[in-house]
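The values are calculated or read from the model by the stated rules, or taken from the named source; none is laboratory data. Nothing here was measured: the structure is a model prediction, and the numbers come from that model. Quick reminder, even Gly has a Cβ in these numbers, built from the backbone with ideal geometry, and neighbours come from all protein chains shown.
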């Protein structure tokens, strides 16, 4: 059965290596096929890419295109690659905006997880909308291959859908008109604005960055567990039972980009809880939440424990460092100040901040600094 | 008017009449003040004066001279120079000593008895006595006469406007004081004398000194007599009747050698050697020397050789830091220049010197022809390095006691001993004994060398030295300039002082230069080594960069195969391969990370958990594979070092881990444990790396950080560079260098219960302000 989605992977390795790299993804996927090609020179590729797109639904670029590898040398593909992944992506984006070429997802990957590439990932070096995804090659093709396969499929499908139909907010979010009224109006307004005035890639970028991949209107599995006070690992199959219940009750998100990224509606979780208990979820401790759930569903859920130096078990989010449940009152805000109002603030626990291995992983906001310093002084004194 | 006065008056008149008679000729008359002027102009310095007088005793074939400065802390003291030379008859005294510019030294350039090359400058002695003191008393006697002659000269009577010959000196016959020899009493000394000045006198004449060749053993056993040919000088100071020795040859030179090697062959032909060194606190007695050429395990006696003693003083020049016996740099330099003419191992037969053995250029023991590379075992490892032991490094003698002439026979031409078995055995014995002696010292030298190498690699020291040298040179040139400016106003003694001052400065500059030179050698060696390592590092960088993409390929392919493979056996194989590829991936990522961090040259404040944890994550597979239980114990938070390169911690941890792994493999404990402790105290952050391997023996604790120290067995001759580097023993030395650069410390600490080794690293910690600035 022919696969529905085809990606082009441009990499300066020899054919055997390129094909080998994508073999696992091609093997496991029934929907996605990745074909590989040598990038060639700018003169050749900048033209051929337009005709290429007749056959492809997306592009994957190796970031280090100009660093011709030893392996490629001596092969027939001797022509030097003289352009960067960014320039090709820019070329495609500009021409897509002019409607000269169809808009497709562009994914960039790098074998080497160095600082420069991380910055690229954090969008510090590129214009904001060049790449839909920025990945470590090993994660993309091996380590998280199942996830990436779903995401590649989803992205290409969503691009196609958005370009083939008129934009319908309710369809995109898979939500009724009534429910739409429950969402932050500013989010709805921005989304509709982008959908009517901007390109497909702008819209996908907005969905990924301001909706799908961040906590706010949607929350991921870990935050769901935190809000229910559950320790996922210790709860084992009981957690799967709860997840099944949530899906049955349509708490999960089913709109665009829900195949590649699993999410739940934050407000629907609260509604779901209200049907179980009349205790306020936010101000109930984890052990009580879990007790209620276990009593109601006969599960053996285990309540999550507090992170070291934390006092509250009324968990609502997860700590950015430890990824464990955290009550924001015990957390310290991180991140910039420009985030959209419908998104939740990210927090880190004092423990994670003190134990953090990568100094650049996050930064406590200046407004929280003083509070943290006082708290730290208290901890260090007791240590 | 006495008869004598009348005669003198008559002589003057005759002279005058002769002059008048002979209108065509005129004679010089000499003003008495010439003595003063000659004294000042010819001698210049007091020390030179005294040394000239001692040289005169050498020329008189003296063997033992005492120089005594009596009450001479201030001016007005007395200097007594007493020798056992041939002495003077009254006639010698008058014709020689009392005749200015006498020709005896020109006529007889070689001393009568010992055939010494005359050392004194002609006719200087008497002026020296005038320069030194206001009054001179000479008492001298010869062996053949029953009395002594005494002359008293008051130099103050040699005033201006007097005819030189008109000044009378008192001469008398007195009772003999000793068999032969001369004693000078220089009274009313014009200078005060410090100990340093007295030692300087001694140094001026030290090239004349001949060692006493009576070995301790033959002295004790009364086997041989003190030889006649030696020339010994002792300098004393007497204050208030108390006499103390200031300088003698042993005190000044030979006792300050690096080692004394002393050997003998008994009546039975058994041979032994003793080595003594105060610098290294070494005193090894009676080491056996075997006559056998082959087997050194059982010492065989010499078949023919009997009754030989030898003693040598061993010096290594240019290595002042080896000496712990109070020798000064100047003294060592003095010995070195002395070595040009006096070094070597001489042979004395029944108290008489046998030439040419031990003369300059003679190499009867073939010491100069040997290789100076010495190999020896040091704490289970073989060490090989250069230690100098050529003739130049020894001062010494061999004493043959062979009264009947049974063993040795001199050639008819008196040019050495006839080549016979005894001589061959003698060569064999002395050579082996000297080598054995040096071998005993070698490990100490080696350690010193290591210490020195370490010390000298410190950039600071080097910088300080260069600055010191610069300052010295500037000082020197400035003074030179000044001197040129006021040259005309200088008196002679001032210019002498200047010269002396300049010489001293020059010596200091030379010393600093030679130190810098040897530092430079050490640094160049190290740079060569580092260059090799750097090349290797670049190669590793390229390698990891290239290889980083392969695990993706392998994994992608292998897992595809795994998914499509139905055969359980093949699936199992594939699973194993996938596991190994993942291990490779972890390693590669770690090194790739290390390399990319390394390319970043900025320094960072480093929180220890941020280097320990990535390290543990990347080596997890390895230590699990090795069956090592690794624990981390980080005490407290914000354990920040001062600014360092993050990659340096990669090196530190990887090196320590590799060492521990080896120690655990050797010891094979039931539970292999490694524990990494980190924390901070008031001044430092610390890291302790513990294991329960085979531990470090006490004697190696200080040495494990030395370059090339290793307990690994040496790599074979065909081993690859990689194998050689891994066991090269450079690891801890590099760590030490890294840590020293940050004024930190690395040492072997006492391990807690349950562990056998603890390497502790201390690095100054970042200040609270610095930590705070990091977070804002």
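Summary of computed values
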| item | result |
| --- | --- |
| Criterion: assigned by TED's automatic domain parsing to the domain that holds residue A:155, surrounded by fewer than 20 Cβ atoms within 10 Å (Cβ to Cβ) and touching a residue at least 24 places away in the same chain (Cβ under 8 Å) - qualifying residue of A:48, A:41 | A:41 |
| Subset of the range B:738-759 (residues that are assigned to a strand (DSSP E or B) and either surrounded by fewer than 18 Cβ atoms within 10 Å (Cβ to Cβ) or touching a helix residue (DSSP H, G or I) at 6+ places or on another chain (Cβ under 9 Å) (or both)) | B:745, B:746, B:747, B:748, B:749, B:757, B:759 |
| Qualifying positions in the range A:191-245 - modelled with pLDDT of 95 or more and at positive phi | A:229 |
| Test: residue B:40 is modelled with pLDDT under 75, surrounded by fewer than 17 Cβ atoms within 10 Å (Cβ to Cβ) and under 24 Å from residue B:78 (Cα atoms) | yes |
| Of all residues in the range A:22-33 being touching a residue at least 40 places away in the same chain (Cβ under 8 Å) and not in a helix (DSSP H, G or I), the one that is farthest from the other protein chains (Cβ to nearest Cβ) | A:31 |
| Check on residue B:574, modelled with pLDDT of 85 or more and either within 12 Å of another protein chain (Cβ to nearest Cβ) or closer than 20 Å to residue A:112 by Cβ (or both) | no |
| Filter result for the condition that a residue is at pLDDT 90 or above and surrounded by 19 or more Cβ atoms within 10 Å (Cβ to Cβ), over B:691, B:706 | B:691 |
| Test: residue in the range B:621-630 that is closer than 21 Å to residue B:744 by Cβ, modelled with pLDDT of 90 or more and assigned by TED's automatic domain parsing to the domain that holds residue B:677 | no |
| Among the candidates B:528, B:566, B:534, residue that is outside any helix (DSSP H, G or I) and either within 10 Å of chain A (Cβ to nearest Cβ) or without any contact (Cβ under 8 Å) to a residue 40 or more places away in the chain (or both) | B:566 |
| Residues of the range A:34-45 satisfying the condition of being over 22 Å from the mean Cα position of the chain (by Cα) and within 14 Å of another protein chain (Cβ to nearest Cβ) | A:36 |
| Within the range B:90-143, considering residues that are at positive phi and out of contact with any helix residue (DSSP H, G or I) (no Cβ under 9 Å at 6 or more places or on another chain), the one modelled with the lowest pLDDT | B:101 |
| Residue in the range B:397-409 that is at pLDDT below 85, under 22 Å from the mean Cα position of the chain (by Cα) and assigned by TED's automatic domain parsing to the domain that holds residue B:270 present | yes |
| Filter result for the condition that a residue is within 14 Å of another protein chain (Cβ to nearest Cβ), surrounded by fewer than 18 Cβ atoms within 10 Å (Cβ to Cβ) and modelled with pLDDT under 80, over B:770, B:724, B:775 | B:775 |
| Whichever residue in the range A:142-151 is more than 10 Å from chain B (Cβ to nearest Cβ) and touching a helix residue (DSSP H, G or I) at 6+ places or on another chain (Cβ under 8 Å) and, among such residues, is farthest from residue A:107 (Cα to Cα) | A:146 |
| Unique match (being under 28 Å from residue B:320 (Cβ atoms) and modelled with pLDDT of 85 or more) among B:263, B:269 | B:263 |
| Candidates B:629, B:582, B:555, B:592, filtered to the one that is farther than 30 Å from residue B:767 by Cα and touching a strand residue (DSSP E or B) at 6+ places or on another chain (Cβ under 7 Å) | B:629 |
| Filtered residues of the range A:248-270 (kept if assigned to a helix (DSSP H, G or I) and in contact with a strand residue (DSSP E or B) (Cβ under 9 Å, 6 or more places away or on another chain)) | A:266, A:268, A:269 |
| Residue within the range A:296-307 that is in a helix (DSSP H, G or I), buried (at least 16 other Cβ atoms within 10 Å of the Cβ) and more than 11 Å from chain B (Cβ to nearest Cβ) present | no |
| Residue B:643 being farther than 21 Å from residue B:590 by Cβ and assigned to a strand (DSSP E or B) | yes |
| Among the candidates A:139, A:178, A:168, residue that is at pLDDT below 95 and within 14 Å of chain B (Cβ to nearest Cβ) | A:139 |
| Subset of the range A:1-21 [over 19 Å from residue A:132 (Cα atoms) and within 14 Å of chain B (Cβ to nearest Cβ)] | A:12, A:13, A:14, A:15, A:16, A:17, A:18, A:19, A:20, A:21 |
| Residue ID - farthest from residue A:316 (Cα to Cα), chosen from residues in the range A:340-374 that are touching a residue at least 40 places away in the same chain (Cβ under 8 Å) and more than 12 Å from chain B (Cβ to nearest Cβ) | A:340 |
| Selection count, the range B:629-640, where residues are crowded, with 21+ Cβ neighbours inside 10 Å and outside any loop (DSSP other than H, G, I, E, B) | 1 |
| Flag if residue A:290 is touching a strand residue (DSSP E or B) at 6+ places or on another chain (Cβ under 7 Å), touching a residue at least 24 places away in the same chain (Cβ under 8 Å) and away from every other protein chain (no Cβ under 13 Å) | yes |
